[in-house]
Structures are given as C-alpha cells and as structure tokens.
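Student: Encoded as structure tokens, here's the structure I'll be asking about.
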Ligand SMILES: [Zn+2]
Ligand SMILES: [Zn+2]
C-alpha cells in the first residue's frame with residue numbers, strides 16, 4: 001500500500017499547496033481520502049484517477065473540490081465520475097449547505113454516485129477495507145482506517161483529542177494524523193483539533209509503526225515535527241506530492257523530512 005499526499009495544507013491555506021487530499025493505492029485499487037480545494041487540478045495531472053472519494057467530514061478544506069469534480073464532467077473536460085462516500089448523515093448536511101447557496105444535491109447525484117458509509121460495517125473498495133469511527137470535531141466527522149493486503153493506514157481526519165483515535169489507530173503501520181494547533185490555539189468555545197504533542201502521544205499509545213503529521217501551516221511544520229519527535233521518534237511530515245510506503249513492519253524513514 002502507498003500513500004501520496006495530494007494536498008495537506010492547514011485550513012488557513014499554505015502558499016502554493018492544495019488542501020486535504022490523500023491518495024491511497026494498493027495494486028489496482030486507488031481511493032482518495034478527502035477532496036479539498038486544489039486537489040482536483042493536481043489529480044488531473046496523473047495518468048489515472050481513483051475510483052472513489054471517501055470524505056472524513058464536510059468542512060470546506062476537505063470537500064471544496066467535490067463541486068469541481070462535477071463541473072468538470074458537466075463541461076466535458078473530464079469523464080471522472082467516482083463513487084463518493086459521505087459520513088453518516090452527510091447527505092442531509094450537504095443538501096442543506098447547497099440549498100443555502102441556491103444549489104441542489106441533485107447536481108452531485110447527476111454525475112457522481114453518492115453514498116453514506118457506516119460505522120457498523122466495513123466498506124470494501126477493491127482490495128481495500130475501510131472502517132470508520134466518530135471523532136470530536138463536528139457532528140459528522142470520522143476517522144478512517146484503511147486495511148490492505150498486508151498493511152494498514154489510519155487517517156485521523158480532523159479531531160480534538162478523543163479515545164477513539166488511539167483505539168482505532170492501534171497497531172496501524174502508518175498513522176496520518178492532524179496536528180493543526182499549538183497549545184491553547186484552538187477555537188475559544190471548544191477543542192476541535194490536535195497539537196503535535198497530542199498526535200505523538202496518541203501514536204505512542206496506539207503503538208503505530210509510523211506517524212505522519214498533517215494539516216499544518218507551512219511555516220510551523222518544523223516546530224511541530226520536533227515537538228512530536230520528542231515523544232514519538234518515528235514521525236515524519238506530510239508534504240505535498242510526497243509518497244509514503246505503508247508497510248508492515250514499517251521500516252524507519254530513510255530521509256530526515
Ligand atoms: Zn480541516
Ligand atoms: Zn474540519
């Protein structure tokens with residue numbers, strides 16, 4: 001299995017980078033986790049497109065390019081019509097969002113196959129098996145665990161610290177985890193993101209093979225990496241365009257990124 005970071009910018013936007021979009025490939029199966037602004041234009045530079053998009057939640061930095069996928073088919077510049085998997089209840093949320101801006105969910109249904117995943121059962125896409133657990137972020141936010149032939153990857157989505165994270169990341173070969181905030185840097189009302197220390201503590205508790213930190217402002221990446229490595233040595237940064245082998249047992253990083 002391998003992970004390619006199409007975009008991993010923070011929600012505030014990193015210069016020249018796409019927002020959340022992570023390509024997971026194994027043999028002939030390819031899926032995209034999240035589809036934030038800037039992801040589609042980069043995906044379209046590749047030879048093949050993934051067969052499915054799986055959304056962790058519906059914040060704009062994770063879903064913004066879904067509309068571009070539709071408009072590209074509509075204007076005849078793309079034939080890519082992936083299956084799109086929404087969080088439970090996500091269809092209603094998406095419909096309400098679209099109605100508020102005078103669109104209808106029918107425009108997505110016309111070109112894409114929209115479905116909701118469930119936490120009670122695994123989702124099989126090609127050779128990959130996906131499971132999901134609710135996180136603490138919005139009412140419709142989920143982490144995604146992807147199991148393959150011989151390796152596993154867990155993507156935190158966006159979340160505040162929560163027990164589900166370590167439970168579902170347990171033993172994963174690669175843990176792709178957000179580290180959006182500095183201590184005390186969350187929205188004032190409530191916690192909705194993780195610090196690098198919290199991501200690393202979770203990685204250690206879950207005994208993952210490797211931690212890949214993501215969703216970080218570009219200027220803050222090095223500091224977050226150092227913060228995490230003090231707790232969990234096998235930590236790297238998610239960087240746009242980079243590919244990461246997901247293997248079991250995970251070998252140490254060969255470069256100091
Ligand atoms: Zn986000
Ligand atoms: Zn979010």
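Just so you know, all these numbers are worked out from the coordinates, no wet-lab data involved. On a predicted model such as this, the values are computed, not experimentally measured, just so you know. Counting neighbours? That spans all protein chains shown, and the Cβs are built from the backbone with ideal geometry, glycine included.
Student: Give the stretch 62-74 a look and list any residue that's buried (at least 22 other Cβ atoms within 10 Å of the Cβ) and either within 11 Å of ligand 2 (Cβ to nearest atom) or without any contact (Cβ under 8 Å) to a residue 12 or more places away in the chain (or both), or say none.
Tutor: 62, 63
Student: Please go through the stretch 85-126 and pick out each residue that is in a loop (DSSP other than H, G, I, E, B), surrounded by 16 or more Cβ atoms within 10 Å (Cβ to Cβ) and without any contact (Cβ under 8 Å) to a residue 40 or more places away in the chain.
Tutor: Correct list: 105 only.
Student: Output the residues belonging to the stretch 158-192 that are in a loop (DSSP other than H, G, I, E, B), farther than 18 Å from residue 4 by Cβ and under 16 Å from the mean Cα position of the chain (by Cα).
Tutor: If the condition is that a residue be in a loop (DSSP other than H, G, I, E, B), farther than 18 Å from residue 4 by Cβ and under 16 Å from the mean Cα position of the chain (by Cα), then 158, 159, 179, 180, 192 are the ones that fit.
Student: Report yes if some residue within the stretch 235-252 is part of a helix (DSSP H, G or I) and crowded, with 19+ Cβ neighbours inside 10 Å; otherwise report no.
Tutor: Checking the stretch 235-252: not a single residue is part of a helix (DSSP H, G or I) and crowded, with 19+ Cβ neighbours inside 10 Å.
Student: Quick check: anything in the stretch 39-48 buried (at least 24 other Cβ atoms within 10 Å of the Cβ), touching a residue at least 40 places away in the same chain (Cβ under 8 Å), under 14 Å from the mean Cα position of the chain (by Cα) and closer than 24 Å to residue 88 by Cα?
Tutor: Checked the stretch 39-48: no residue is buried (at least 24 other Cβ atoms within 10 Å of the Cβ), touching a residue at least 40 places away in the same chain (Cβ under 8 Å), under 14 Å from the mean Cα position of the chain (by Cα) and closer than 24 Å to residue 88 by Cα.
Student: Just the residues that are more than 22 Å from residue 243 (Cα to Cα), part of a helix (DSSP H, G or I) and within 15 Å of ligand 1 (Cβ to nearest atom), please, taken from the stretch 28-84.
Tutor: Selection gives 60, 66.
The rows are residues; the columns are (1) out of contact with any helix residue (DSSP H, G or I) (no Cβ under 8 Å at 6 or more places or on another chain); (2) closer than 19 Å to residue 136 by Cβ.
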{"position": "169", "(1), (2)": "no, yes"}
{"position": "180", "(1), (2)": "yes, yes"}
{"position": "185", "(1), (2)": "yes, yes"}
{"position": "190", "(1), (2)": "yes, yes"}
{"position": "205", "(1), (2)": "no, yes"}
{"position": "211", "(1), (2)": "no, no"}
{"position": "231", "(1), (2)": "no, no"}
{"position": "243", "(1), (2)": "yes, no"}
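Student: Going through the stretch 225-234 one residue at a time, which ones are touching a strand residue (DSSP E or B) at 6+ places or on another chain (Cβ under 6 Å) and crowded, with 18+ Cβ neighbours inside 10 Å?
Tutor: Matches in the stretch 225-234: 225, 228, 232, 234.
Here is a yes/no grid of residues against (1) more than 24 Å from residue 18 (Cα to Cα); (2) in contact with a helix residue (DSSP H, G or I) (Cβ under 9 Å, 6 or more places away or on another chain):
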residue	(1), (2)
46	no, no
63	no, yes
74	no, yes
96	yes, no
112	no, yes
118	yes, no
121	yes, no
125	yes, no
139	yes, yes
